[in-house]
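Trainee: Below are the structure tokens for one structure; questions will follow.
The values are calculated or read from the model by the stated rules, or taken from the named source; none is laboratory data. Note that this is a predicted model, so its numbers are computed, not measured. Positions of Cβ are generated from backbone atoms using ideal geometry, with glycine treated the same way; all protein chains shown enter the neighbour counts. Side chains are part of the model used for accessible areas, which takes the heavy atoms of the whole protein and leaves out ligands, DNA and RNA. Shrake-Rupley method; radii C 1.70, N 1.55, O 1.52, S 1.80 Å.
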Amino acid sequence: MRFPLARRTHAYVSSFSLTSVGSTQGIDETAADFSSGGFSNIFARPSYQDDAVAGYLSQLGNTNAGLFNTAGRAFPDVSAQGVNFIVDVAGQGQGVSGTSASSPTFASVIALLNDELLNQGKSPLGFLNPLIYSSGAAALNDITTGSNPGCGTDGFPALTGWDPVTG
């Protein structure tokens with residue numbers, strides 16, 4: 001069975017073994033409408049996502065029913081600001097937006113946390129996803145507005161808890 005919403009979600013990069021990063025925008029953060037997200041047609045949902053995804057699917061109800069694989073690996077896991085980053089292009093500042101901005105932003109935060117842990121003689125965080133889906137989510141902002149429209153639908157809405165727009 002093919003799921004139209006899953007086609008736009010880059011399922012081939014949503015393996016259980018990586019932390020997928022979406023994008024937000026604004027001071028009062030909202031989901032960036034270009035933020036990919038959804039459910040994989042290739043990878044099964046790992047057990048550490050079960051409670052979070054069940055909560056989302058319960059809130060979602062019949063929205064987009066039959067258009068996505070409810071048993072697939074859900075993504076993104078987290079999000080970070082991804083709009084209006086200034087980069088140097090031939091000596092000129094230029095604004096860019098996308099998950100190509102939010103992913104390295106999130107990675108830099110994790111690198112700083114790992115640096116602090118190592119300086120204290122502790123182990124680095126390691127694979128983040130089980131931590132994020134258990135107690136780690138409490139350290140993150142819950143984005144509850146916006147969506148990722150596409151494929152002839154309004155996409156997935158950002159809701160309370162984990163969602164397939166902002167994680």
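Trainee: Heavy atoms only, 1.4 Å probe, whole protein assembly: order VAL89, VAL83 by accessible area, highest first. Walk me through the intermediate numbers first.
Mentor: On the way: VAL89 70, VAL83 40 Å².
From most exposed to least exposed: VAL89, VAL83.
Trainee: Oh, and also: Taking 0.36 nm per intervening residue step and subtracting the Cα-Cα distance, what contour gain separates ASP28 from SER100 on full extension?
Mentor: Details: separation 72, 0.36 × 72 = 25.92 nm, distance 2.09 nm.
Gain on stretching ASP28 to SER100: 23.8 nm.
Trainee: Per 0.36 nm of contour for each residue apart, how much would the distance between LEU57 and ILE86 grow if the chain were fully extended, relative to their Cα-Cα spacing?
Mentor: That pair, LEU57 and ILE86, stretches by 6.8 nm at full extension.
Trainee: Return the long-range amide H neighbours of ALA158 (sequence gap of 5 or more, or a different chain), with a cut-off of under 5 Å between placed amide H atoms.
Mentor: So ALA158 has HN proximity to GLY146, SER147.
Trainee: Pairs of alpha-carbon atoms within less than 8 angstrom and 6+ residues apart define the contacts here; what relative contact order does the range 67-167 have, in percent?
Mentor: The normalised contact order for the range 67-167 reaches 25 percent.
Trainee: A further question on this structure: Which residue, PHE43, PHE156, PHE75, has the most motion in a Gaussian network model of the chain that connects Cα atoms within less than 10 Å?
Mentor: Result for the chain, Cα springs under 10 Å: PHE43 fluctuates most.
Trainee: Under the 0.36 nm per residue contour assumption, what length would be gained going from the current alpha-carbon distance of LEU125 and THR144 to full extension? The partial results should precede the final answer.
Mentor: Numbers: separation 19, 0.36 × 19 = 6.84 nm, distance 2.68 nm.
Result: 4.2 nm gained on full extension.
Trainee: Based on the mean of other Cβ atoms within 10 Å per residue, sort peptides 100-110, 30-40, 141-151, 52-62 so the most packed one is first. Kindly include the intermediate steps, with their values, before the conclusion.
Mentor: Details: 100-110: 16.6, 30-40: 23.5, 141-151: 18.5, 52-62: 14.6.
My ranking of the peptides, most packed first, is 30-40, 141-151, 100-110, 52-62.
Trainee: Test of understanding: given the chain, find the longest segment containing no trypsin sites (Lys or Arg not before Pro) that are in a DSSP loop and have at most 14 other Cβ atoms within 10 Å.
Mentor: Numbers: sites that count: ARG2, LYS122.
Answer from the scan: 3-121.
Trainee: Where only protein heavy atoms count, and the probe is 1.4 Å, what is the accessible area per residue for the chain in Å²? If you can, show how the numbers build up before the last one.
Mentor: Details: 8810 Å² over 167 residues.
For the chain, the solvent-accessible area averages 53 Å² per residue.
Trainee: Give me the percent of the accessible area of the chain that comes from carbon and sulfur atoms, probe 1.4 Å, all protein chains in place.
Mentor: Values: 4900 of 8810 Å².
Carbon and sulfur atoms account for 56 percent of the accessible area of the chain.
Trainee: Right, here's the next one. So how far, in whole Å, is the C-alpha centre of the range 25-63 from the one of the range 136-167?
Mentor: Answer, in whole Å: 6.
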